[in-house]
Amino acid sequence: MMEAFIHQHDSYGNLVPGSYAFDVEVVQKGTNLSMPVSDLVFEDVGLGIQSFSFSLVEPGNFMLMISDKHNTLISNVPYDFKVYVGYCDGTNSVVNGTGLNHSFAGEVSTFSVFLRDAYLYPSPAELDMLQVKILHESSLKQLRPRIRPKKAEMGTFAGTLDKLTPSTDGAKNKSTENTRFSASNFEVAFVPEKSGTYEISIFCGNVPLNGGNPFRKVVSAGKVNLSLSGVVEFASKVPKLAKSEVVIQLLDSYSNPVLSEQSKLKLEVASVNRSGFSTMMFVDNKDGTYTGSFLAKDVGTYEICASFDGQHFTPCPVGVNVYTSEYFPKVLNDTVSVWEDESTAFDALDNDYFAGGNASIKEYSRPDHGSLLQYGGLFRYTPYKGFNGNDSFVYTICDVNGNVASGSVNIDILSIPPQFVSFPSQLHGTEDLISPRFGGFSGFEIAYSDLDENITVILNAQYGTVFLSPMLMQFWQPLWGELSVKIDHQKAKELILAGRVDVINSALQAIRYFGDENFCGDDTIQVSTMNRNGKNSVKVPVFVEPINDHPFINAPAFIFLEDSGDVLIFDRKKDKFDFSIGDPDLPNFPGNRSHFLVIISFEVSSGVLSTSLPAELVATTELKLKTSYQWQPLLTFVTISKHFMVKAKGIRVRGTINDCNSIIEQLMYHGGKHGDVLTVRVNDMGNYGCCPNCEQMMSMPLFAEATISLIRRPPMSSLLAHTLGSALVVEFIMLLSLSGLLLYFTCKCAVVLIREKKRNTIQQDIEHSKPSGEEASSTGRDLHFTDCCCSGLSLFSGQPLPEG
């Protein structure tokens with residue numbers, strides 16, 4: 001079965017979806033005869049990719065021709081392919097030999113390959129058809145094996161193996177045999193030089209053997225080669241009373257690290273002065289190096305040697321000079337913080353110690369996420385644009401004695417708090433209404449470098465409340481699932497949003513504002529963005545357009561006046577009720593409150609009102625006389641101490657709220673004994689609550705009206721009031737006692753009636769239970785008994801009855 005794929009491209013190299021018709025033709029090479037294809041099958045396997053397959057029934061060399069409906073050949077055709085008879089089977093073919101097992105570097109490894117077809121018969125193949133790929137786990141180069149037939153088959157000659165030399169070749173296998181001959185049994189030999197794990201993959205043409213699974217071979221290092229091994233790290237100057245280290249590397253002849261040989265390593269003191277000098281065992285570092293330690297208790301010069309299995313490494317001995325600890329520099333690690341997209345300069349030597357007070361930076365490593373510049377003892381670090389997180393580098397200093405020490409600098413690149421890309425220059429609202437009416441304010445957008453980190457945004461208004469539009473939250477439910485919304489209980493006006501920056505930006509489009517009750521004028525919405533490193537804030541002004549609110553009148557339904565004479569209607573010191581007027585627009589009036597004017601009128605039905613008014617209200621005072629039904633301006637008046645008195649059926653004044661409340665407190669009533677009705681009206685003159693120069697903000701006037709009953713009554717003395725109260729209490733107690741007594745006798749009569757009924761029932765049961773033979777003799781007695789029972793059962797109960 002042969003299968004191939006057709007990738008459908010247009011003239012620009014783009015994949016074209018759909019099933020297009022193609023003609024497939026198989027031509028035999030040499031004869032150029034077209035071979036019949038009876039089971040050709042096309043199938044769509046992907047966007048713009050078709051596969052086709054057909055059976056291979058004859059061996060030989062063929063060409064595959066593919067053309068479209070215009071008989072135009074597609075690219076990469078004709079395609080040459082070869083059909084073999086009895087081709088090897090990847091499962092039935094056998095691969096074995098010691099070369100697949102563990103070995104040592106430099107040793108020849110061999111294994112055999114037995115090619116079998118699907119029926120377990122030998123499947124001869126040309127030598128170049130057998131491919132062996134040997135790849136080390138840490139190397140991209142393939143190891144080059146030698147492949148030879150094991151015995152003479154089908155005219156081939158099985159030669160002897162030459163001496164193998166280790167080599168690698170990433171291209172082809174090498175064989176000294178003629179590749180035109182065929183065989184089914186092969187011998188593969190190779191020499192691994194590098195220790196580690198190898199993967200061996202074997203192919204017969206394009207058929208993988210061993211089910212496509214590579215063989216894994218472990219190669220260990222050979223014997224230690226002293227000429228390649230030796231001391232790789234050693235300090236000739238060491239501090240006393242401090243453990244110092246010697247590092248030795250063991251390699252074999254192929255420079256492979258040799259492991260687990262610490263027991264054969266030894267560190268010896270070669271100098272005559274051995275007192276106060278001690279050595280410790282070597283430790284395997286698992287990478288071919290071994291660390292040995294020694295400690296000197298006294299200052300001086302010592303000689304030491306390192307050996308492996310009794311053989312010394314060169315040079316031997318080596319001198320060690322021991323000094324006090326103050327002789328050596330000490331480097332302390334530094335920690336530096338810097339904002340992202342900014343740079344910082346710092347002195348790395350500031351917290352380090354070195355002899356002589358003078359040292360220089362010998363070298364330093366390059367940080368992974370930024371650039372580093374050195375100016376003497378100063379470093380300047382600049383993180384890469386958009387990076388935040390942690391970075392570090394290592395530096396080495398050298399003092400005046402040539403001693404070196406290394407330290408590290410850990411750098412924290414702090415992410416900048418979320419920045420505002422845009423925000424509105426001013427927002428507009430309306431008094432006592434949610435703004436905007438639909439959706440939310442637009443124009444808020446923030447940017448943050450970490451798209452996956454949760455950030456916090458806090459919104460609050462000075463004279464209002466900020467909240468999210470519930471309509472948008474309902475429509476965008478999947479998005480709001482990643483958003484946390486809460487209100488600070490200690491600061492009830494703070495709206496706190498938490499989530500990723502994209503979710504926060506979507507939520508900011510649903511922001512709405514609602515001012516405090518009756519508030520109008522200028523307000524500010526403060527938007528603060530926070531992350532774990534800081535806070536960033538902006539203030540957005542909000543102008544709340546005022547609307548006209550109705551004035552109000554605080555007054556009782558009726559007021560009791562003295563019995564006769566001229567009386568003050570409202571006395572704030574004596575009366576417990578409130579009688580005043582007001583306007584909700586006044587508290588937020590931004591200008592001088594003396595310009596906030598209203599018109600108030602007082603009118604009674606039958607009596608007369610009088611009050612004292614300030615002289616500045618003369619021009620705005622109108623009266624309704626008792627003989628007139630119309631308001632008339634004030635024509636005559638007398639001013640005393642900047643006040644004047646007015647007296648009329650109705651009084652109307654234009655003034656401030658304070659002026660009107662002052663008039664209420666001085667309003668007096670003059671009338672008869674039967675009371676009156678006082679009508680109070682307030683007109684706000686269409687005032688929006690803005691400055692006087694806001695003529696365009698005026699509206700239609702709004703009114704408030706209250707009707708108060710003025711009741712004349714004689715005053716009641718305290719003795720009379722006390723007597724009347726006592727009489728009411730006594731009457732209540734007597735009624736309660738009579739009711740209890742009536743209830744008692746009613747219950748008693750009911751109990752007697754119930755008992756009488758029970759006795760009559762028992763007597764009837766006794767009469768019906770007597771025998772029939774005695775009825776004649778006892779008729780008279782029965783009648784008498786019955787008569788007595790009916791006439792007075794309570795008198796004869798418990799006594800014998802008379803006879804005859």
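Worth pointing out:
- Any pair with Cβ under 7 angstrom, 6 or more apart, that starts in segment 664-677 at a residue that is within 16 Å of PHE577 (Cβ to Cβ) and ends at one that is basic (Lys, Arg): GLU665/ARG572
- Residue match in segment 146-155 (condition: farther than 28 Å from GLY30 by Cβ, touching a strand residue (DSSP E or B) at 6+ places or on another chain (Cβ under 9 Å) and at pLDDT below 75): yes
- Criterion (of a type in the set (A, V, I, L, M), under 37 Å from the mean Cα position of the chain (by Cα) and surrounded by fewer than 13 Cβ atoms within 10 Å (Cβ to Cβ)) met by exactly one of LEU414, LEU372, LEU451, LEU433: LEU451
- Check on GLU107, of a type in the set (Asp, Glu), under 30 Å from THR197 (Cβ atoms) and surrounded by fewer than 16 Cβ atoms within 10 Å (Cβ to Cβ): yes
- Failed criterion for GLY407 (all others in (1) touching a residue at least 60 places away in the same chain (Cβ under 8 Å); (2) more than 30 Å from LYS362 (Cα to Cα); (3) not β-branched (Val, Ile, Thr) hold): (2)
- For GLY90: the one exception among (1) more than 30 Å from PHE190 (Cβ to Cβ); (2) of a type in the set (Gly, Ala, Ser); (3) part of a loop (DSSP other than H, G, I, E, B); (4) modelled with pLDDT of 85 or more: (1)
- Considering residues of segment 321-338 that are of a type in the set (Ser, Thr, Tyr) and more than 51 Å from the chain's Cα centre (by Cα) only, the residue modelled with the lowest pLDDT: SER325
- Counting only strands (runs of 3 or more DSSP E) that sit wholly inside segment 233-293, those with at least 1 residues that are within 29 Å of LYS330 (Cβ to Cβ) and in contact with a helix residue (DSSP H, G or I) (Cβ under 9 Å, 6 or more places away or on another chain) are 237-239.
- From the list ASP23, ASP80, the lone residue that is under 30 Å from SER182 (Cβ atoms) and either touching a strand residue (DSSP E or B) at 6+ places or on another chain (Cβ under 8 Å) or modelled with pLDDT of 85 or more (or both) is ASP80.
- For segment 395-446, a residue qualifies if it is closer than 21 Å to ILE458 by Cβ and among the β-branched types (Val, Ile, Thr), and the qualifying residues are ILE416, VAL421, ILE434, ILE446.
- Inside segment 599-631, residues that are assigned to a strand (DSSP E or B) and either touching a helix residue (DSSP H, G or I) at 6+ places or on another chain (Cβ under 6 Å) or loosely packed, with under 13 Cβ neighbours inside 10 Å (or both) make up a count of 2.
- Subset of segment 542-591 (residues that are within 27 Å of PHE519 (Cβ to Cβ) and not in a loop (DSSP other than H, G, I, E, B)): VAL542, PHE543, VAL544, GLU545, PHE552, ILE553, ASN554, SER580, ILE581, GLY582
- Among residues of segment 109-136, those that are touching a Lys or Arg at 6+ places or on another chain (Cβ under 9 Å) and in a loop (DSSP other than H, G, I, E, B), counted: 1
- Single match in ASN536, ASN554, ASN518 (criterion: surrounded by 14 or more Cβ atoms within 10 Å (Cβ to Cβ) and either of a type in the set (Asp, Glu) or in contact with a Ser or Thr (Cβ under 9 Å, 6 or more places away or on another chain) (or both)): ASN536
- Out of SER244, SER275, sole residue that is polar (S, T, N, Q), surrounded by 14 or more Cβ atoms within 10 Å (Cβ to Cβ) and either under 30 Å from TYR323 (Cβ atoms) or in contact with a Lys or Arg (Cβ under 8 Å, 6 or more places away or on another chain) (or both): SER244
- Pairs meeting the criteria (first residue in segment 534-560 and without any contact (Cβ under 8 Å) to a residue 12 or more places away in the chain, second residue polar (S, T, N, Q) and buried (at least 19 other Cβ atoms within 10 Å of the Cβ), beta carbons under 8 Å, at least 6 apart or on different chains) are SER537/THR529.
The values are calculated or read from the model by the stated rules, or taken from the named source; none is laboratory data. Note that this is a predicted model, so its numbers are computed, not measured. Neighbour counts are summed over all protein chains in view; Cβ atoms, including those assigned to glycine, are modelled from backbone coordinates with ideal geometry.
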